[in-house]
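The values are calculated or read from the model by the stated rules, or taken from the named source; none is laboratory data. In this text the structure is predicted, and so the values were computed from the model without any measurement. Note: ideal-geometry Cβ built from the backbone for every residue, glycine included; neighbour counts use all protein chains shown.
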Amino acid sequence: MNFKRVFLRQENNKISELHMANRKDLRPMKVYVMQINSELLSQVKQCVMVMSVAERQEIALIRNHKLREQMLVSKVMKRYLLSLYYNWEILPEEWCFETSIHNKPKLTDEFQKLMLNFNVSHCEGAFVMAVAQGFDVGIDIEPYTFFIDDYLASTVFSENELIELWNYSPSHKQEYLLRLWTLKEAYTKYLGLGINLDFKSVNFFHYTNEYFPILANMEVPAVVIHHSKVMLSKANYSLSIATKRGNLFSAKPQIHHFNQLNINQLLFAEY
């Protein structure tokens with residue numbers, strides 16, 4: 001299947017739409033990356049009161065210790081990072097959240113005029129967050145230790161992707177599968193569909209160092225997904241970031257890595 005031809009043909013049909021998406025008054029998308037370790041957890045636990053009562057109750061009900069720690073980091077840090085992104089015009093404890101019909105977190109209607117969209121992802125050892133103004137985002141991160149077996153691959157990857165798998169050596173097979181996994185996760189989180197997306201119905205075309213979804217009916221949605229490998233404390237992670245194609249900030253996003261000093265300044269500095 002000539003994905004390149006399909007992509008270029010549909011690109012020509014989207015020119016006017018993409019120009020409409022170019023809003024120079026919007027803030028650029030930012031991606032924040034940090035390692036989850038004992039130091040971060042110690043810092044975050046000092047800031048739990050910025051969360052709502054409902055958020056604190058939700059975390060208390062999580063029995064899995066590792067997942068509870070990841071959720072704590074996620075719920076506290078997203079508040080501080082939203083305030084950082086919006087130049088501290090709104091304090092961390094002032095943000096209010098709700099979820100979409102498919103459980104994608106978003107700001108409540110009272111913040112609608114800000115046009116802020118965000119998405120978070122966490123796994124063992126890592127937390128990431130993408131924030132944008134005026135367009136949706138989706139993000140996913142997974143460690144290279146995350147193993148995708150043949151059965152799981154057969155349930156989430158398309159026939160074309162599984163055929164392509166044969167072109168990879170055993171040593172690169174998992175890296176290929178993990179890249180596809182995070183691309184699909186970032187895409188469905190961008191759409192706000194979660195597990196309701198049929199992963200097997202989506203292929204990805206690689207063009208000019210970016211990835212573009214191609215659906216089973218050959219439609220090419222106006223979405224671009226950036227993929228990169230990040231290292232946190234000598235551990236490698238697969239990171240994918242989905243955003244609307246054609247806006248001024250859809251070029252490869254700048255990734256901000258937070259060290260312990262940055263985190264300390266973020267959480268405890270006077271603003």
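Before moving on, here are some points about what is shown:
- Top-ranked residue of region 60-86 - restricted to ones that are charged (D, E, K, R) and farther than 16 Å from Q265 by Cβ, ranked as surrounded by the fewest Cβ atoms within 10 Å (Cβ to Cβ): R63
- Tally, over region 174-219, of residues that are more than 24 Å from P143 (Cβ to Cβ), among the polar types (S, T, N, Q) and touching a strand residue (DSSP E or B) at 6+ places or on another chain (Cβ under 8 Å): 2
- Qualifying positions in region 190-206 - among the small types (G, A, S) and part of a helix (DSSP H, G or I): G194, S201
- Filtered by the rule that a residue be of a type in the set (G, A, S) and either in a strand (DSSP E or B) or surrounded by 21 or more Cβ atoms within 10 Å (Cβ to Cβ) (or both), region 216-239 gives S228, A235, S238.
- Out of S233, S240, S228, sole residue that is over 21 Å from V131 (Cβ atoms) and among the polar types (S, T, N, Q): S233
- Residues of region 87-142 that turn out to be assigned to a strand (DSSP E or B) and either surrounded by 17 or more Cβ atoms within 10 Å (Cβ to Cβ) or aliphatic (A, V, I, L, M) (or both), as a count: 25
- Residues of region 143-173 satisfying the condition of being out of contact with any strand residue (DSSP E or B) (no Cβ under 8 Å at 6 or more places or on another chain), among the small types (G, A, S) and closer than 19 Å to I195 by Cα: A153, S154
- Lone qualifier among Y187, Y151 - being assigned to a helix (DSSP H, G or I), out of contact with any helix residue (DSSP H, G or I) (no Cβ under 6 Å at 6 or more places or on another chain) and surrounded by fewer than 21 Cβ atoms within 10 Å (Cβ to Cβ): Y151
- Check on Y207, farther than 24 Å from M77 by Cα, of a type in the set (F, W, Y) and in contact with a Ser or Thr (Cβ under 9 Å, 6 or more places away or on another chain): no
- Among the residues of region 195-215, those identified as in contact (Cβ under 8 Å) with a residue 60 or more places away in the chain and either surrounded by 14 or more Cβ atoms within 10 Å (Cβ to Cβ) or more than 18 Å from the chain's Cα centre (by Cα) (or both) are N203, F205, Y207, F212, I214.
- Whichever residue in region 154-184 is polar (S, T, N, Q) and not in a helix (DSSP H, G or I) and, among such residues, is surrounded by the most Cβ atoms within 10 Å (Cβ to Cβ): S158
- Residues in region 161-204 that are of a type in the set (S, T, N, Q) and at pLDDT below 90 were compared, and the one that is nearest to V128 (Cα to Cα) is N196.
- Subset of region 27-69 (residues that are charged (D, E, K, R) and either part of a strand (DSSP E or B) or at pLDDT 95 or above (or both)): K30, E39, K45, E55, R56, E58, R63, K66, R68, E69
- Looking across region 35-88, the residues that are closer than 20 Å to P143 by Cα and without any contact (Cβ under 8 Å) to a residue 12 or more places away in the chain come down to S38, N64, H65, L67, R68.
- Selection over region 28-42 of residues that are buried (at least 18 other Cβ atoms within 10 Å of the Cβ) and either more than 23 Å from V131 (Cα to Cα) or of a type outside the set (A, V, I, L, M) (or both) gives a count of 3.
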